[in-house]
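In what follows, a structure is listed as structure tokens, so that the remarks can point back to it.
Any read-out appearing in this document is the output of simple, stated calculations on the displayed coordinates, not a laboratory observation. All of these numbers come straight from a predicted model, not from anything done at the bench. Cβ coordinates were reconstructed from backbone atoms using ideal geometry, including for glycine residues, and neighbour counts include every protein chain displayed.
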Amino acid sequence: MESSRRNFMKIGGACALGLGALPIVKAYAKNEKPQVAPDSKALVATKWAMVIDMKKCWEKGKPGCKDCLLACHSVHNVPEIKTIKEEIKWIWNEQYEHAFPGQENHFLPEEIRQKPFIVLCNHCTNPPCVRVCPTKATFKRKDGITMMDYHRCIGCRYCMAGCPYGARSFNFRDPRPYIQTELNMTYPTRERGVVEKCSFCDERLAVGLLPACVEACKCGALCFGDIEDPNSEVRKLLASRFTIRRKPELGTQPSVYYIV
Amino acid sequence: MKIYNAKPILIGLAIFIGLATFPLWFNMGKAAPPPDPKLDTPVIQRMAVKQCIMPKDQMRTEHMQLLNDWRTEVVRNNNRIYTASDGKQYNMSLQNECMNCHSNKSQFCDQCHIYAGLQADATPYCWTCHIAPKENK
């Protein structure tokens, strides 16, 4: 096919014009399409974090109080399976020496050595579970939450090997028969073959509610907020009290802080 | 033309044709009734204008895709509110939105899915995790 330079320029010009019109066409097409958006009631943050005041928990809470654990596990339909290998936990109690290994010594106060610490997913800034997940079923949200997409989880359990805090549990069996609390009909269960963990109650934040554990604690030992906001409650606590985090030497940068 | 061993061959042929067409005549006159999804749930009965999220025909063919998009938006993009093309807003939730209106899963969703031959024990597999509405069957 023969073509003059003039013709070539003409066609080129027409093409450029067409490309230039693309944004207009797109904008026009968009108006017709359904739109999605977050709920206007949703709580938002640059980066979510939690400060757990264990002193407050032990001093003000009733002995053996498990309000926060029960609230979480009933809201999320977490089953109660009694064997250590198969148990499912989103938030649970741990002894100091297990929660903070390497930071213990023989002469710590009795209280610290004996009393239960509240532990949950740390929503690390640098989460090893996300790095190892082959399907991106677990991923980091912009607001710092380490999220699970159960629909993508293939149950390979790499994330459980990756997590240094034991915050992830595998469903070795159908969890439904083991749900002891009244079923929360608004939240799904999980099924055999997926890994689950705490999600900082993403589904509650999305409708303007604080995490279930925070809301359930009557002595205000759990504080939740935006760690990037210098005026937030969590930042005030972090600025005024000495806090520690679990296994800081690993460089995962947990978002859960402890006052002991 | 002469067929050698005509008798056994013809008998064999008859048996073969009988067997090969077995599925056809076995199901003769027993065509599965077309699905009849029921819309008589309390919530839908109370609606002034009975309409779904998209027009009915579109819902019929695209609801799986819509659910897939909802799931992605909610779980991965943290968007929860869907504004349909007619301006109505919906909470993008299988359990709390679709099934709030279509609370008769066995008379509605399952009707079509069983007819279409989706796996019967898991029509579709969402319900191993998502909690189906309670129905008084």
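Within 14 Å of another protein chain (Cβ to nearest Cβ), on the phi > 0 side of the Ramachandran plot and either touching a Phe, Trp or Tyr at 6+ places or on another chain (Cβ under 8 Å) or assigned to a loop (DSSP other than H, G, I, E, B) (or both) - does that describe any residue in the stretch A:66-78? Within the stretch A:66-78, one or more residues are within 14 Å of another protein chain (Cβ to nearest Cβ), on the phi > 0 side of the Ramachandran plot and either touching a Phe, Trp or Tyr at 6+ places or on another chain (Cβ under 8 Å) or assigned to a loop (DSSP other than H, G, I, E, B) (or both). Considering every residue within the stretch A:174-187, establish whether at least one is in a helix (DSSP H, G or I), under 19 Å from the mean Cα position of the chain (by Cα) and surrounded by 14 or more Cβ atoms within 10 Å (Cβ to Cβ). Checked the stretch A:174-187: no residue is in a helix (DSSP H, G or I), under 19 Å from the mean Cα position of the chain (by Cα) and surrounded by 14 or more Cβ atoms within 10 Å (Cβ to Cβ). The set of residues in the stretch A:139-154 being within 12 Å of another protein chain (Cβ to nearest Cβ) and closer than 21 Å to residue B:125 by Cα consists of A:148, A:149, A:150, A:151, A:152, A:153. Considering A:35, A:114, A:95, the condition of being free of Cβ contacts under 8 Å to residues at least 24 places away in the same chain and within 25 Å of residue A:205 (Cβ to Cβ) is satisfied by A:35 alone. The condition of being in contact with a His (Cβ under 8 Å, 6 or more places away or on another chain) and buried (at least 16 other Cβ atoms within 10 Å of the Cβ) holds for only one of B:52, B:109, B:129, B:101, that being B:109.
Filtered by the rule that a residue be out of contact with any Gly (no Cβ under 7 Å at 6 or more places or on another chain) and more than 9 Å from chain B (Cβ to nearest Cβ), the stretch A:181-203 gives A:181, A:182, A:196, A:197, A:198, A:199, A:200, A:201.
Any residue in the stretch A:233-240 that is surrounded by fewer than 19 Cβ atoms within 10 Å (Cβ to Cβ) and part of a loop (DSSP other than H, G, I, E, B)? Don't jump to the end; show me each part of the working.
Narrowing the stretch A:233-240 to residues surrounded by fewer than 19 Cβ atoms within 10 Å (Cβ to Cβ): A:233, A:235-240.
Narrowing further to those that are part of a loop (DSSP other than H, G, I, E, B): none.
For the stretch A:233-240, residues surrounded by fewer than 19 Cβ atoms within 10 Å (Cβ to Cβ) and part of a loop (DSSP other than H, G, I, E, B): absent.
When the stretch A:205-232 is filtered for residues that are within 14 Å of another protein chain (Cβ to nearest Cβ) and surrounded by fewer than 20 Cβ atoms within 10 Å (Cβ to Cβ), the ones remaining, listed by number, are A:207, A:208, A:209. Collect the residues in the stretch A:155-169 that are surrounded by fewer than 20 Cβ atoms within 10 Å (Cβ to Cβ), more than 14 Å from chain B (Cβ to nearest Cβ) and farther than 18 Å from residue A:252 by Cβ, keeping them in residue-number order. Once the filter is applied, which keeps residues that are surrounded by fewer than 20 Cβ atoms within 10 Å (Cβ to Cβ), more than 14 Å from chain B (Cβ to nearest Cβ) and farther than 18 Å from residue A:252 by Cβ, the stretch A:155-169 yields A:156, A:157. Annotation: of all residues in the stretch A:123-139 being at negative phi and touching a Ser or Thr at 6+ places or on another chain (Cβ under 6 Å), the one that is surrounded by the fewest Cβ atoms within 10 Å (Cβ to Cβ) is A:126.
In the condition set (1) of a type outside the set (A, V, I, L, M, F, W, C); (2) touching a residue at least 12 places away in the same chain (Cβ under 8 Å); (3) surrounded by 10 or more Cβ atoms within 10 Å (Cβ to Cβ), residue B:12 is compliant with all but (2).
Every listed requirement among (1) over 24 Å from residue A:130 (Cα atoms); (2) more than 10 Å from chain B (Cβ to nearest Cβ) is met by residue A:174 save one, (2).
Being touching a residue at least 60 places away in the same chain (Cβ under 8 Å) and more than 14 Å from chain A (Cβ to nearest Cβ): is that true of residue B:21 here?
Working: touching a residue at least 60 places away in the same chain (Cβ under 8 Å): no; more than 14 Å from chain A (Cβ to nearest Cβ): yes.
It is false that residue B:21 is touching a residue at least 60 places away in the same chain (Cβ under 8 Å) and more than 14 Å from chain A (Cβ to nearest Cβ).
The helices (runs of 4 or more DSSP H) falling completely within the stretch A:93-173 that include 2 or more residues that are within 29 Å of residue B:71 (Cα to Cα) and in contact with a strand residue (DSSP E or B) (Cβ under 7 Å, 6 or more places away or on another chain) map to A:128-132, A:158-162.
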